[in-house]
Amino acid sequence: MNEFAKTWWKESVVYQIYPRSFQDSNGDGIGDLQGIISKLDYLAFLGIDVLWLSPHFDSPNDDNGYDIRDYYNVMEEFGTMKEFDLMLKRLQKNGIKLIIDLVVNHTSDEHRWFRESKSSHDNPYRDYYIWKEGVEKGRPPNNWPSFFGGSAWEWDEASGEYYLHYFGKKQPDLNWENPKVREEVYDIMRFWLDKGVDGFRMDVIPFISKHQDFLDIPEDSLNHPEFIYASGPRLHEFLEEMNREVLSKYDTMTVGEAFGVTEECTQLMTDERRNELDMVFLFDIGRIGRENWRQNEWTLPQLKAMFNIQSEVGNFHWPTQFFNNHDNPRSVSKYGNDSPKYRETSAKLLAMLLLTQKGTPFLYQGEEIGMTNYPFTSLDQFDDIEVKGNIDKVLKSGASPEEFLQELNKTSRDHARTPMQWNKKPNAGFSGGEKSWLSVNPNFEIINVESNLNNPKSVFHFYRQLIEIRRNSTDLIYGDYFDIDPGHTKVFAYTRAGIRFTYLIMLNMSDSMVKYQVRFEFQDYELLLSNIPTTPNKISTNYIELQPWEARIYKSKPITNRVEYE
Ligand code: TEU
Ligand code: CA
C-alpha cells in the first residue's frame, strides 16, 4: 500500500490556458485577460482546481510569449496589470488557484538586460547572457543547433562575438552561472508569488545549467540536442537554491517542463526528500512515435509501458498526466479517432484515462470538448516559429513539401493553438472582430462549447463527471496503479487500489469490438461510469464485450483491512 503524503496539488485537476487563443474580449482577434475573466464561470463549472496560464508577460511575440521582454508587465495585447489582479481575485473567489509560466532559460532579445548586454563588452549586463568568440572567422563556437533551425549561436557584428540561443535567435539564453541572473529570477518569482499566484510551470527548466566546456556535441545527437542541453552540471544545485531562496517560503505548486532529461535526473528533480520541484512533465507519452516533425506508428503496449514507468517512481515522487498542451497536436486526433463516428466516444475514453491515472492531470483548453487537429492544406498556413524556422532544413534534407505537410498535419504545434471553439457564431465566438490571429478550425459548428453544454451526453459533461468522481475519491487519487494486461494490443485495463476502494478501468482503444477476458476478481464491482449507454452495471461473465472505444470504470465494495495514508 502506498504512503504518499497528501498535498493540495496532488489532488488538483489543472487546466491550461493559452491566452492568445482562449477568448478575445475586444475584437482585435487576440485572446486576452478580460476574455479569460468572462469564462471563469465556465471553468468553475467544469470543476478544475488550478489554472495554468501560458506566458502573459510583455513580449514581442516571436514565440507567442515564450520570449519575454519584461517580466514585471503584462503583454499589451492581453491587457493590464490591473486586469491581471482582477483575474486573480476572481479566480480566488471561485476557489481556483493560479500557476504562471516561468520562462527563465532565455529572455527576448528585446529585454533590457539583453540590449544592455549587447551594447558593449564591459557593460555590467554582458555576463547576463552567454557570449563567445567563433572558432575562426565566420564559424560559431561549436556545432550546437537551435530547436527553431540553424545554429544555436548568433553572430553580433558590433561586439564581434556570438550569443547562445537554444530556441529562436530572438530568445537569447540567460547565463545562470552569474549569481546576479539567479537573483533576478528569484526576484521575479517573489514579485508574482507576493501578488498571490500559487506556483509555476517552468519552461525548459533542465536547460538552465550549460556545459561550460562548450564542446561540440556528437553528430548522432544533432537531431536531439535536448539530451545534451538538459544534462548540465549545476541543474540540481540551481533548483535547490531556487527552492531555498524562494519556493520554501511559500505554499506553491511547481511543475518543470522536463525536456530531454534522463530517468535519474527526473528522480532527483522531484524527490520529495530533496528540495527541487514538485513535479515534472515528461515527454515520453506526448511524443510517442515522434521523430522530430515526423509521426511514426506506435502500439498500445508501448504506450502502457510509459505509464508503467511513470507509476513505478516510488512513494517520494508524484507524476503528472497530460495528453495535450500548446506544443502538441490534439489528443483525440493522435490517441483516439477523430472521425465523426468515434470522435466523441474516443475523446471520452481519453478523459477517463487521463483522470483515473496516478498523478496530477493537466487538461488543455478545448480538450474538454474534444477539439481536433486542424486540416492544414498548405505550408504557408502555419504560424509557428518551429515550422517556419525549420522549413529550409527539412526540404534540404530531401523531404518533399507534400511529405512535410502530411506529417505536420499530425505533429504541428499549431493544432493546439487554433482558437477555442465557443459556439456557432463567426470565429466560433472566440472573437467578435473580423479575423482571429490564427484560423478557427472549420469544424466549429459541430464542435463547440455551447453544444457541449446543451447536451448532457457530451464530451464536456463526461469530463465534468470524471473530475467530480476524482475529487470525491481519495483512493482514486492516491491508490496504487496496476496494469492488469500490459501486452494486450487493444484494451488498456488497470486498477487503482486504495485504502477503502479499488477501481477497475477498462478501455478499448481500438476501432473494433473486443471480446475481453477479465483477468481480475470482479464479482463485487459496480459500474460508476461508461461512455456507451448500454454498458451493464455488473460484470457477469469472464468475457466482456467492449464496443469500439468503450471506456468503463468500476468500483469495488469497501475494503476494510487496509492502513491509512500518512
Ligand atoms: O517548449 C520546449 C519544447 O520542448 C518545444 O518547444 C520543443 O522545442 C519542440 O516542441 C520540439 O519539437 C517550451 C515551450 O513550451 C514552447 O512553447 C516554447 O517554444 C519553448 O519552450 C521555448 O520557450
Ligand atoms: Ca483581444
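The values are calculated or read from the model by the stated rules, or taken from the named source; none is laboratory data. Everything numeric here is computed off the predicted structure, so don't read it as measured data. All Cβ positions, glycine included, derive from the backbone under ideal geometry; neighbour counts span all protein chains shown. Accessible surface is based on the protein model in full, side chains and every heavy atom, while ligands, DNA and RNA are left aside. Shrake-Rupley method; radii C 1.70, N 1.55, O 1.52, S 1.80 Å.
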Got a sec? Which strands (runs of 3 or more DSSP E) wholly within the range 437-544 have at least 1 residues that are surrounded by 15 or more Cβ atoms within 10 Å (Cβ to Cβ) and small (Gly, Ala, Ser)?
-> 491-497, 526-530
If you check Phe283 against the conditions, is it aromatic (Phe, Trp, Tyr), over 29 Å from Met420 (Cβ atoms), free of Cβ contacts under 8 Å to residues at least 60 places away in the same chain and part of a loop (DSSP other than H, G, I, E, B)?
-> no
What number of residues within the range 470-493 are under 20 Å from Pro558 (Cα atoms) and out of contact with any helix residue (DSSP H, G or I) (no Cβ under 8 Å at 6 or more places or on another chain)?
-> 9
Among the residues of the range 331-349, the number that are within 22 Å of Arg470 (Cβ to Cβ) and assigned to a loop (DSSP other than H, G, I, E, B) is 2
If you take the residues of the range 21-41 that are more than 9 Å from ligand 2 (Cβ to nearest atom), assigned to a helix (DSSP H, G or I) and not aliphatic (A, V, I, L, M), which of them is nearest to Ala428 (Cα to Cα)?
-> Ser21
Pick from Glu368, Glu434, Glu386: which is touching a residue at least 12 places away in the same chain (Cβ under 8 Å), touching a Phe, Trp or Tyr at 6+ places or on another chain (Cβ under 7 Å) and open to solvent by 40 Å² or more (accessible area, probe 1.4 Å)?
-> Glu386
Taking first residues from the range 24-35 that are more than 16 Å from Asn423 (Cα to Cα) and in the same structural domain as Lys435 (by TED's automatic domain parsing) and second residues anywhere that are assigned to a helix (DSSP H, G or I) and within 16 Å of ligand 1 (Cβ to nearest atom), the pairs with Cβ under 8 Å that are 6 or more apart or on different chains are Ile30/Arg20; Asp32/Pro19; Leu33/Pro19
Of (1) over 30 Å from Tyr166 (Cα atoms); (2) within 16 Å of ligand 1 (Cβ to nearest atom), His106 satisfies every one except (1)
Failed item, numbered, when Thr418 is tested on (1) part of a loop (DSSP other than H, G, I, E, B); (2) of a type in the set (S, T, N, Q); (3) away from ligand 1 (no atom under 16 Å from the Cβ) | (3)
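Would you confirm, using the coordinates I've provided, whether Thr262 is under 18 Å from the mean Cα position of the chain (by Cα) and either modelled with pLDDT under 95 or among the polar types (S, T, N, Q) (or both)? Lay out the reasoning, then the answer.
Details: under 18 Å from the mean Cα position of the chain (by Cα): no; either modelled with pLDDT under 95 or among the polar types (S, T, N, Q) (or both): yes.
Answer is no for this residue.
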Which one of these does Glu407 not meet: (1) assigned to a loop (DSSP other than H, G, I, E, B); (2) buried (at least 17 other Cβ atoms within 10 Å of the Cβ)?
-> (1)
Is one or more of the residues making up the range 65-73 within 16 Å of ligand 2 (Cβ to nearest atom), under 23 Å from Met420 (Cα atoms), free of Cβ contacts under 8 Å to residues at least 40 places away in the same chain and assigned by TED's automatic domain parsing to the domain that holds Glu312?
-> no
Determine which single condition Trp318 fails, assuming it passes every other condition in (1) free of Cβ contacts under 8 Å to residues at least 60 places away in the same chain; (2) open to solvent by less than 20 Å² (accessible area, probe 1.4 Å).
-> (1)
Would the range 86-107 turn up any residue that is more than 21 Å from the chain's Cα centre (by Cα), surrounded by fewer than 24 Cβ atoms within 10 Å (Cβ to Cβ), in the same structural domain as Asp41 (by TED's automatic domain parsing) and among the acidic types (Asp, Glu)?
-> no
Would you pick out the residues in the range 164-216 that are open to solvent by 10 Å² or more (accessible area, probe 1.4 Å), of a type in the set (D, E, K, R) and within 16 Å of ligand 1 (Cβ to nearest atom)?
-> Lys169, Lys170, Asp203
What about Phe45, is it open to solvent by 10 Å² or more (accessible area, probe 1.4 Å), assigned to a helix (DSSP H, G or I) and touching a Leu at 6+ places or on another chain (Cβ under 9 Å)?
-> yes
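Being touching a residue at least 40 places away in the same chain (Cβ under 8 Å) and either touching a Phe, Trp or Tyr at 6+ places or on another chain (Cβ under 7 Å) or surrounded by 21 or more Cβ atoms within 10 Å (Cβ to Cβ) (or both) is the filter; apply it to the range 371-383 and report the residue that is farthest from Arg470 (Cα to Cα). Break it down stepwise before answering.
Keep residues of the range 371-383 that are touching a residue at least 40 places away in the same chain (Cβ under 8 Å), which gives 371-375, 381, 383.
From the residues that got through so far, the ones that are either touching a Phe, Trp or Tyr at 6+ places or on another chain (Cβ under 7 Å) or surrounded by 21 or more Cβ atoms within 10 Å (Cβ to Cβ) (or both) too are 371-374.
Details: Met371: 23, Thr372: 25, Asn373: 28, Tyr374: 31 Å.
Only one residue tops the list, namely Tyr374.
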Hits in the range 224-277 (condition: buried (at least 20 other Cβ atoms within 10 Å of the Cβ), without any contact (Cβ under 8 Å) to a residue 40 or more places away in the chain and not in a helix (DSSP H, G or I)) | Ala230
Restricting attention to the range 23-39, does a residue exist that is within 16 Å of ligand 1 (Cβ to nearest atom) and open to solvent by 20 Å² or more (accessible area, probe 1.4 Å)?
-> no
Candidate set: the range 108-148, residues that are buried (at least 19 other Cβ atoms within 10 Å of the Cβ) and of a type in the set (Gly, Ala, Ser); chosen: the one nearest to Leu222 (Cα to Cα) = Ser146
Only unsatisfied item for Ile288, checking (1) open to solvent by 10 Å² or more (accessible area, probe 1.4 Å); (2) part of a loop (DSSP other than H, G, I, E, B), is (1)
Kindly list, by first and then second residue, each pair from a residue in the range 466-491 that is without any contact (Cβ under 8 Å) to a residue 24 or more places away in the chain to a residue that is open to solvent by less than 10 Å² (accessible area, probe 1.4 Å) and among the polar types (S, T, N, Q), limited to pairs with Cβ atoms under 8 Å and residues at least 6 apart or on different chains.
-> Phe482/Thr495
